[in-house]
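The values are calculated or read from the model by the stated rules, or taken from the named source; none is laboratory data. Keep in mind it's a predicted model, so treat the numbers as computed, not measured. Virtual Cβ from ideal backbone geometry, glycine too; neighbours counted across all protein chains shown.
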Amino acid sequence: MNTIRFDGRTAIVTGAGAGLGRSHALGLAARGANVVVNDLGVSTQGGRETSDAARAVVAEIEAAGGRAIANGANVADAAEVEAMVAEAMDTFGSVDVLVNNAGILRDKTFAKMTPEDFRAVVEVHLFGSVNCTRAVWPYMVAAGYGRIAMTTSASGMYGNFGQSNYGAAKAGVFGLMNVLAKEGARADIRVNTLAPTAATRMTEGLLAEEVTSLLGPETITPGLLALVAEDAPTGMVLGAGAGCFAEIKVYETEGVALDDAELTPEAVFAAMDRIRDPRGQHVIADAFSQTRRYVAMAAAARNLAVTWKE
Ligand code: NAD
């Protein structure tokens, strides 16, 4: 197996002053990457230009012989993100890897959640990922190389009580990945998503101590490094925690084709067991593959010959 290295590559890791981002930044630097350690430092006092937390991570990287700069951009602010990417280009000459990791929580039940709580979380997770990806995209297209990781959550993939804002934002980055993996392919830009579960300040107080000791960020970072490696897959969601790794995938059941006379909600209800039957379920490669599949099923049910227009 080839050793995974990032020598000569530059990586931007957002929210890298703490938790998972810090661990990813250290991991990338240890394998040769120049790292832009971004963190707004939302929990620290004072200047936002370069957060204390980000500076501390840069110091750790430098002490281990690596190269890094700290950056205090708010990922939700497109202009600050543009300036961060310009600084990365000026300092290191390229941006090859982007890890969209920065995040916040504002948990409340949906009934109690204000639009402001909803918007703030969507702004950081979804628009933050959009802003950073948009800013690096032209450079990656020009270079014919790019590796981008989004960070989703089980909350977005499966749902979690009290996190409608977060779940929606985290499902949003999954949708963003699905499309960008396709749009980026021609320029060898590969886009994947990490779905971590870690003991960080985000999960403080939610987990027992013996559980916490299994779930350190360093048990997840090897998965992130694989997702942004030269030979990375694309369009993959990697579940990661406690040194366990699994692929999270959307499947579609075989389903049913109702004939014209049966096209009623009652008939859909009556067919629900067959519609939900997981046997023989399909992986759908893209949106039109689903349409193509339904047209083929409907045509077969009606004994019609249909040619798909490409
Ligand atoms: P954390 O709070 O330890 O770290 C998040 C970092 O992001 C902080 O240092 C914070 O200052 C920074 N940040 C917040 N808003 C920012 C902004 N607008 N611009 C720049 N930086 C900003 O959290 P963590 O647990 O390490 O989470 C990292 C990512 O992993 C997040 O996207 C989170 O949603 C996701 N995640 C974490 C878990 C978990 O179990 N910890 C589970 C699923 C997903």
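Against the test of being within 15 Å of the ligand (Cβ to nearest atom), at pLDDT 95 or above and surrounded by fewer than 24 Cβ atoms within 10 Å (Cβ to Cβ), the options N74, N38 yield a single qualifying residue, N74.
Residue check: is T212 more than 24 Å from R134 (Cα to Cα) and within 12 Å of the ligand (Cβ to nearest atom)? It is true that T212 is more than 24 Å from R134 (Cα to Cα) and within 12 Å of the ligand (Cβ to nearest atom). Does A33 meet the test of being away from the ligand (no atom under 12 Å from the Cβ) and in contact (Cβ under 8 Å) with a residue 40 or more places away in the chain? Considered against the rule, which asks whether it is away from the ligand (no atom under 12 Å from the Cβ) and in contact (Cβ under 8 Å) with a residue 40 or more places away in the chain, A33 comes out as yes. A search for C-beta distances below 8 Å between a residue of the stretch 1-14 that is of a type in the set (K, R) and any residue that is in a loop (DSSP other than H, G, I, E, B), counting only pairs 6+ apart in sequence or on different chains, returns R5/R31; R5/G32; R9/G32; R9/A33; R9/S94; R9/D96. Criterion applied to L20, L98, L105, L26 was being more than 21 Å from L224 (Cα to Cα) and either surrounded by fewer than 17 Cβ atoms within 10 Å (Cβ to Cβ) or assigned by TED's automatic domain parsing to the domain that holds A149 (or both), and the one residue passing it is L105. Restricting attention to the stretch 188-204, the residues that are within 24 Å of G159 (Cα to Cα) and more than 12 Å from the ligand (Cβ to nearest atom) add up to 2. Beta carbons closer than 7 Å, at least 6 apart along the sequence or on distinct chains, pair a first residue in the stretch 245-265 that is under 13 Å from R302 (Cβ atoms) with a second that is among the basic types (K, R) and at pLDDT below 95 for D259/R302.
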